[in-house]
Amino acid sequence: MEIFKNVPKIAYEGAKSKNPLAFKYYDADRVIMGKKMKEHLPFAMAWWHNLCANGTDMFGRGVANKSFGVKEGTMEHAKAKVDAGFEFMQKLGIEYFCFHDVDIVPEADDIKETNRRLDEISDYILVKMKETGIKCLWGTANMFSNPRFCNGAGSSNSADVFAFAAAQVKKALDITVKLGGKGYVFWGGREGYETLLNTDVKFEQENIARLMKMAVAYGRSIGFTGDFYIEPKPKEPMKHQYDFDAATAIGFLRQHGLDKDFKMNIEANHATLAGHTFEHDLRISAINGMLGSIDANQGDYLLGWDTDEFPFDVYTTTMCMYEVLKAGGLTGGFNFDAKNRRPSYTEEDMFEGYILGMDTFALGLIKAAELIEDGRIDAFVEKRYASYRNSEIGKKILSDSTSLEELSAYAEKLGAPALPGSGKQEALESIVNSVLFG
Ligand code: XUL
Ligand code: CO
């Protein structure tokens, strides 16, 4: 039975199209730098925002109706969400989805019953996956909504809560593996603290690492060959979150010997909350060999929290795709961890959010490829560091065959070095503009 009756299959109609229910730039089979757009951009639907969130905020109830004609909080409703989700993805040509355990079933009071529900719904999802060819990008456990996690999960002060979190991770891994998920995410929602006055930071961080190590051991033992991901975020809901940004999370993984099994899942709005650009956290992940997956959204610089908006800013998606292309692509995909604004509450709005996001990333891909083919930015950066390759002293520095004594003697002979050369930021920004709008 069709659920979104007013929405047809979304087609590519080109930039001149005025049809709100059509792609203007995302042309799945168009080849860019030797690969189809859909291969560069493995998009995923986020179960939670798209099929669960109804616009509830601190000041008011939900506006969007996500009952899909069935009583909410029941297994019938969980199945209706599966039906809606697969119809939605098929109509948009989206090939992946991401989920938390509690997005796909209503949580019961008893974990045995929740797990039974997870078995039942994953059987149902598997049938749909086989029918449609749609795949699972990643799964995760929600260890932040239930009141028991008010002090964190792996970082909880309570050993029983830690054990409960471990049980949830085990089951979420079982379901992710059953659905053939490419990845498994840890977003440390409440893995942080409000005040040092009641917190043993070292103890909490070591316990988070213990939980992750157990997840790796268990995941590998049941045949999970994909990547584990940390999704860094500096704050919200906690004041201080341990996975502040990519650099912090990478340091943590290395400290605990987890760096071979984990990569980063970088979310645009989390990077900006950490005071970075999206592309900064992508670059830091890429240069450390840990660029795994992306939560595709954008924040609002006027608001200090995680607004999870659909990507609209082409400058940002261009710089994102520039990083992704240079890194040779993602092992994961682009998960729209994004939701409609509260007043955009219709079924058409759900599709229009994804069309905006997919088109904005398609434009970013096209423009990033043009920037790379243009070559002026690469050439400038190459030249900027040329003194290390072209001079004897530079070569010595790069080959680690000099010392402070030798460099000091060299500096004395030099007198004063010439200025290091203009950074040319404005000229480079102008190149970006000319590629974007030329
Ligand atoms: C929260 C967030 C999560 C993770 C998965 O800010 O981004 O939805 O993506 O737990
Ligand atoms: Co996210």
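The values are calculated or read from the model by the stated rules, or taken from the named source; none is laboratory data. Just so it is clear, the structure is predicted and the values come from calculations on it, not from any experiment. All Cβ positions, glycine included, derive from the backbone under ideal geometry; neighbour counts span all protein chains shown. Ligands, DNA and RNA are stripped out before the accessible areas are found, and what is left, the full protein with its side chains, is counted by its heavy atoms. Shrake-Rupley method; radii C 1.70, N 1.55, O 1.52, S 1.80 Å.
Structure above, values below:
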read-out	value
Members of the range 417-432 found to be among the polar types (S, T, N, Q) and open to solvent by less than 80 Å² (accessible area, probe 1.4 Å), listed by number	Ser422, Ser430
Residue within the range 326-337 that is free of Cβ contacts under 8 Å to residues at least 12 places away in the same chain, more than 24 Å from Lys235 (Cβ to Cβ), more than 13 Å from ligand 2 (Cβ to nearest atom) and in the same structural domain as Thr248 (by TED's automatic domain parsing) present	yes
Of all residues making up the range 64-85, the number that are in contact with a Pro (Cβ under 7 Å, 6 or more places away or on another chain), among the aliphatic types (A, V, I, L, M) and open to solvent by 20 Å² or more (accessible area, probe 1.4 Å)	0
Flag if Leu407 is assigned by TED's automatic domain parsing to the domain that holds Arg61 and either at pLDDT 95 or above or open to solvent by 40 Å² or more (accessible area, probe 1.4 Å) (or both)	no
Qualifying positions in the range 129-173 - within 16 Å of ligand 1 (Cβ to nearest atom) and touching a Lys or Arg at 6+ places or on another chain (Cβ under 6 Å)	Leu137, Phe144, Phe149, Gly152
Residue match in the range 6-21 (condition: free of Cβ contacts under 8 Å to residues at least 12 places away in the same chain and β-branched (Val, Ile, Thr))	no
Count of residues meeting criterion [within 15 Å of Asp308 (Cα to Cα) and either in a helix (DSSP H, G or I) or acidic (Asp, Glu) (or both)] in the range 40-50	4
Of all residues making up the range 44-63, the number that are surrounded by 14 or more Cβ atoms within 10 Å (Cβ to Cβ) and of a type in the set (Asp, Glu)	0
Per-region count, the range 16-43, residues touching a helix residue (DSSP H, G or I) at 6+ places or on another chain (Cβ under 9 Å) and open to solvent by less than 70 Å² (accessible area, probe 1.4 Å)	12
Matching residues in the range 309-331 - criterion: being open to solvent by 10 Å² or more (accessible area, probe 1.4 Å) and assigned to a loop (DSSP other than H, G, I, E, B)	Phe310, Phe312, Asp313, Ala327, Gly328, Gly329, Leu330, Thr331
Some residue of the range 135-151 being part of a loop (DSSP other than H, G, I, E, B) and open to solvent by less than 10 Å² (accessible area, probe 1.4 Å)	yes
Extreme residue, surrounded by the fewest Cβ atoms within 10 Å (Cβ to Cβ), among residues of the range 178-213 that are within 23 Å of Asp110 (Cα to Cα) and more than 16 Å from ligand 2 (Cβ to nearest atom)	Lys178
In the range 279-308, the residues that are within 25 Å of Glu429 (Cβ to Cβ) and open to solvent by less than 10 Å² (accessible area, probe 1.4 Å)	Asp281, Leu282, Ser285, Ile294, Ala296, Asn297
Filtered residues of the range 250-269 (kept if open to solvent by less than 20 Å² (accessible area, probe 1.4 Å), touching a helix residue (DSSP H, G or I) at 6+ places or on another chain (Cβ under 8 Å) and within 16 Å of ligand 1 (Cβ to nearest atom))	Phe262, Met264, Ile266, Ala268
Some residue of the range 343-357 being in contact with a Cys (Cβ under 9 Å, 6 or more places away or on another chain), assigned to a helix (DSSP H, G or I) and either assigned by TED's automatic domain parsing to the domain that holds Leu92 or within 16 Å of ligand 2 (Cβ to nearest atom) (or both)	no
Only one of Thr140, Thr132 that is within 22 Å of Asn335 (Cβ to Cβ), within 16 Å of ligand 2 (Cβ to nearest atom), out of contact with any Gly (no Cβ under 8 Å at 6 or more places or on another chain) and assigned by TED's automatic domain parsing to the domain that holds Ala78	Thr140
For Phe88: the one exception among (1) under 29 Å from Asp359 (Cα atoms); (2) touching a residue at least 12 places away in the same chain (Cβ under 8 Å); (3) open to solvent by 10 Å² or more (accessible area, probe 1.4 Å); (4) in a helix (DSSP H, G or I)	(3)
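Let's see how each residue does on (1) part of a helix (DSSP H, G or I); (2) of a type in the set (S, T, N, Q):
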{"position": "Ile372", "(1), (2)": "yes, no"}
{"position": "Ala379", "(1), (2)": "yes, no"}
{"position": "Lys383", "(1), (2)": "yes, no"}
{"position": "Ile397", "(1), (2)": "yes, no"}
{"position": "Ser401", "(1), (2)": "no, yes"}
{"position": "Glu406", "(1), (2)": "yes, no"}
{"position": "Glu412", "(1), (2)": "yes, no"}
{"position": "Gly421", "(1), (2)": "no, no"}
{"position": "Asn433", "(1), (2)": "yes, yes"}
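For (1) within 16 Å of ligand 2 (Cβ to nearest atom); (2) of a type in the set (D, E, K, R); (3) more than 30 Å from Ala368 (Cα to Cα); (4) within 25 Å of the chain's Cα centre (by Cα), each residue gets a yes or a no:
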{"site": "Ile32", "(1), (2), (3), (4)": "no, no, no, yes"}
{"site": "Cys52", "(1), (2), (3), (4)": "yes, no, yes, yes"}
{"site": "Gly55", "(1), (2), (3), (4)": "no, no, yes, yes"}
{"site": "Phe59", "(1), (2), (3), (4)": "no, no, yes, no"}
{"site": "Gly69", "(1), (2), (3), (4)": "no, no, yes, no"}
{"site": "Val82", "(1), (2), (3), (4)": "no, no, yes, yes"}
{"site": "Leu92", "(1), (2), (3), (4)": "no, no, no, yes"}
